[in-house]
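Structure first, then comments.
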Amino acid sequence: MLRFEVGTDDVLRSRFALSPAFELGGLLRILSGLTPRRLPATWLGRLLPAFQELRRTTELDAALALHHRTFGASFVTSPPSSLDRTWEEDMAALRATPLPDARREIARCLAARPVTDPHVRSVLHDDGAVHAIADALDQAWHGLLARDWPQLQAICERDVVHRTGRLGRSGWAAVLDGLHPGLRWRDGGIDVMHSATDRTVALQGEGLLLIPSIFVWPGIATHTDAPWPKSLIYPARGIAALWESPGPTTHDALPALLGRSRSRILTALGRPASTTQLAQTLRLAPGAVGDHLAVLRTAGLLCRARSGRSVLYYRTPLGDALVGGTRCAEDG
């Protein structure tokens with residue numbers, strides 16, 4: 001069991017962040033079989049052919065050699081610093097890695113999981129290894145994940161809104177107890193009960209970085225060693241509804257079910273937004289938007305949480321599933 005010892009300053013300095021690079025790494029681990037986690041059949045059918053083509057046409061196998069089941073080269077996935085971290089920022093950090101630092105990380109990975117493919121070894125030992133790996137991962141991002149990232153990012157952002165709302169109502173212990181069944185708050189610390197690591201790690205006033213994730217589901221992950229801050233990566237809420245949705249669809253039936261204005265509002269809440277923001281975006285009267293939000297919330301399709309001076313609305317998993325639903329084919 002891994003235990004994070006938490007002091008008063010740690011509670012004050014803990015924060016949320018998102019990591020596009022970590023999500024890509026999680027997806028690559030699943031597609032390459034490095035983890036027992038599986039994608040739903042619809043996602044696997046859509047992504048696996050593109051993944052196989054990338055392995056044939058890019059140096060993706062060299063990048064995969066640096067991704068292990070429980071850890072990877074730290075320069076491949078730089079620690080996130082905010083909720084609006086972009087893929088371009090991750091790429092810039094990767095490409096800026098000094099070659100000696102990259103060589104140390106590559107050697108560590110190869111010692112843990114030796115590579116027998118001579119071409120992959122030559123790429124990893126070449127002076128251009130960093131840029132070859134960066135190029136391969138950039139192509140993997142655009143070929144596998146960029147299309148879905150706005151939807152995945154919205155799920156993670158709504159998770160953070162939900163957690164911060166719980167923080168305001170019930171404090172950090174309630175937030176942490178609700179992150180994952182394998183976590184518990186006990187005697188001033190956080191127990192990660194099914195961790196492969198058996199030790200106690202003091203946060204030492206630096207706080208804990210909390211990262212909602214799609215592809216870590218149904219498990220959790222931790223970072224305890226530099227250059228990452230002490231981090232806890234947990235499954236974002238709403239993943240089940242995402243997996244049930246087969247992908248981008250038309251929503252012709254939604255206005256007939258909810259009415260045109262409510263359908264537009266529910267669809268627009270792919271990311272949390274306030275009444276004023278929705279009114280400006282959809283060109284509706286703020287009072288009308290407020291009335292529609294109240295109905296959608298009563299129906300269990302929306303939740304709300306305070307963020308600073310604003311009240312933000314966001315879809316529930318039921319709302320996500322309704323927006324992502326498809327029309328059934330006619331019988332016969």
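Bear in mind these aren't lab numbers, they're just calculated from the coordinates by the rules spelled out. All values derive from a computational prediction rather than experimental measurement. When we count neighbours, we look across all protein chains shown, and the Cβ atoms used for this are built from the backbone with ideal geometry, even at glycine.
When each of the peptides 299-306, 80-87, 150-157 is scored by the mean number of other C-beta atoms lying within 10 Å of its residues, the order from highest to lowest reads 150-157, 299-306, 80-87.
Each label point was placed 7 Å from the Cα along the Cα-to-Cβ direction; for residue 127 and residue 99 their separation is 0.4 nm.
Distance from the C-alpha centroid of the stretch 60-113 to that of the stretch 128-191: 18 Å, rounded to the whole angstrom.
By the count of other C-beta atoms within 10 Å, a proxy for reagent exposure, 314, 234 are ordered fewest to most as 234, 314. The order of 10, 198, going from fewest to most other C-beta atoms within 10 Å of their C-beta, is 198, 10. Neighbour counts of C-beta atoms inside 10 Å place 119, 68 in the sequence 119, 68, starting with the fewest.
So if I take the alpha carbon set of the stretch 140-246, get Rg, then get Rh from the Kirkwood formula, what is the Rg over Rh ratio?
Values: Rg = 15.0 Å, Rh = 15.2 Å.
Result: Rg/Rh = 0.99.
Placing one equal scatterer on every Cα of the stretch 249-324 and applying the Debye formula, the log10 ratio I(q)/I(0) at q = 0.12 Å⁻¹ is -0.28.
In terms of overall dimensions, the C-alpha atoms belonging to the stretch 1-237 reach 53, 38, 30 Å along their principal axes, ordered largest to smallest.
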